[in-house]
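Heads up, the thing below is written out as structure tokens.
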């Protein structure tokens, strides 16, 4: 294996990056968006010498606002569409966004945001035909022709039906819609043609703006690093339109669901509840759905993290009526076959494996056979007795922490919601200070220095760590469903001083853009 082959998924040279979800960007309209403020953040990254921007999944969210339970694996989250860009296009007027402009700017208030922004988007899509030029309307038609059969039309129908059924999951809809009765679907298409077009226009606007953002970022030497949950939500357009690829019955009910078994961190395991894939069906058609899913992902990002990579080697199957994940069993995943199919169709895969937790030699072998980089998270590893920075591999992404971790300051100090004992927190502090050679006051910077000093081709810290923020800036606490995904960076927080300080860290580690 040559050095080039070994690292083919990762950018060239030693790279430094930042993890900041789109919703966390600053901006005047209640949520981070993919227009001007996203481009401004790219400019800030260039000033800091950072060249990899990692964000969370960008699909449309539902219950709990989690990007890891999207309503579609192909569609974009309409809430991320930049309102300022719509005003510039003439699709919205200043008076149309007054309610958005008074929403909080330091956190996302989803309860208020969703209805207000959807109302503004409805106005914009209704004006699309009359207020846009022929070239843009032609681009829209081409977008529809490209995606309609594979996902776009089904997504539009799904969103309309979900609204008509009070946002209930699709297995609870009227049986004719659960079973996709052809006559019922045709009737729906006729009666809701305007609404269908509006949803498709919103998706076009999202993908148009995203394409502009990616072009801008790449032009500045910044790679976009996306995220793909291995599982899809049962309550999603994908599951409704393609029940044949899942282990569910004709009524959309799973006999078994996804999770992970009990381990050191959880005596009952984790019961996710996602439907499991019918891997035999995927194999029978050459993993066509996965090929289309990966193709859509690499159209959005230069690099893609696949969450819960170990599920491709074997997955934990839990009876759907089980109250915990204790009573599951391991079932074989698709293994090499899916990656062979993806590479045959798409060429070298720009993916990173989320290979955290209890990983078996078989999972590591699968990852290594396909030259897929893994992950190292210092918050998980640095306090281990056998931790050795020199053993962090080159072919990986090294993090201070991820979106599921507390900020480095919060983790070091211990927060009110910390599941660790006081003794564990004390041991972690002692070990971290020993490895970093830092102080309690500067530990966030010290841990970034350790990540940047590693051999990993890419080293990433959350924006909260670059800013030295505590637990108040944590974006997600696994196992909870409240107050997640809300944190936003202040418009004036990424100061010239912050940019200089981060730039020095990057330069000192020889990871400059």
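Filtered by the rule that a residue be farther than 22 Å from residue 457 by Cα, at pLDDT 95 or above and under 23 Å from the mean Cα position of the chain (by Cα), region 344-389 gives a lone residue, 346. Right, residue 327: within 23 Å of residue 362 (Cα to Cα) and assigned to a helix (DSSP H, G or I) or not? In short, no. From 243, 254, 261, which residue is buried (at least 19 other Cβ atoms within 10 Å of the Cβ) and within 19 Å of residue 332 (Cα to Cα)? None of the others qualify; the one that does is 254. Taking every residue in region 412-438 that is touching a residue at least 60 places away in the same chain (Cβ under 8 Å) and pairing it with any residue that is assigned to a helix (DSSP H, G or I), at least 6 positions away or on another chain, the pairs with Cβ-Cβ distances below 8 Å are 417/471. Assess whether residue 508 counts as being farther than 25 Å from residue 386 by Cβ and without any contact (Cβ under 8 Å) to a residue 24 or more places away in the chain. The answer is no for residue 508.
Matching residues to (1) modelled with pLDDT under 95; (2) on the phi < 0 side of the Ramachandran plot:
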{"residue": "200", "(1), (2)": "no, yes"}
{"residue": "216", "(1), (2)": "no, yes"}
{"residue": "225", "(1), (2)": "no, yes"}
{"residue": "247", "(1), (2)": "no, yes"}
{"residue": "264", "(1), (2)": "yes, yes"}
{"residue": "269", "(1), (2)": "yes, no"}
{"residue": "283", "(1), (2)": "no, yes"}
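Picking from residues in region 44-69 that are within 23 Å of residue 241 (Cβ to Cβ) and out of contact with any helix residue (DSSP H, G or I) (no Cβ under 9 Å at 6 or more places or on another chain), the one that is surrounded by the most Cβ atoms within 10 Å (Cβ to Cβ) is 59.
In the set 374, 357, 333, 347, only one residue is within 16 Å of residue 230 (Cβ to Cβ) and surrounded by fewer than 16 Cβ atoms within 10 Å (Cβ to Cβ); that residue is 357. Apart from one condition, residue 129 fits all of (1) over 25 Å from residue 303 (Cβ atoms); (2) crowded, with 20+ Cβ neighbours inside 10 Å; (3) free of Cβ contacts under 8 Å to residues at least 24 places away in the same chain; the exception is (2). In a residue-by-residue description of region 272-284, the property of being farther than 28 Å from residue 218 by Cβ, part of a loop (DSSP other than H, G, I, E, B) and more than 23 Å from the chain's Cα centre (by Cα) applies to at least one position.
Assess whether residue 96 counts as being surrounded by fewer than 24 Cβ atoms within 10 Å (Cβ to Cβ), assigned to a helix (DSSP H, G or I) and in contact (Cβ under 8 Å) with a residue 40 or more places away in the chain. No: the conditions fail for residue 96.
Residues that are surrounded by 15 or more Cβ atoms within 10 Å (Cβ to Cβ), in a loop (DSSP other than H, G, I, E, B), touching a residue at least 60 places away in the same chain (Cβ under 8 Å) and at positive phi do occur in region 302-312.
The values are calculated or read from the model by the stated rules, or taken from the named source; none is laboratory data. Bear in mind the structure is a predicted one, so any value in this text is a computation, not a measurement. FYI the Cβ positions are ideal-geometry reconstructions off the backbone, even for glycines, and counts take in every protein chain you see.
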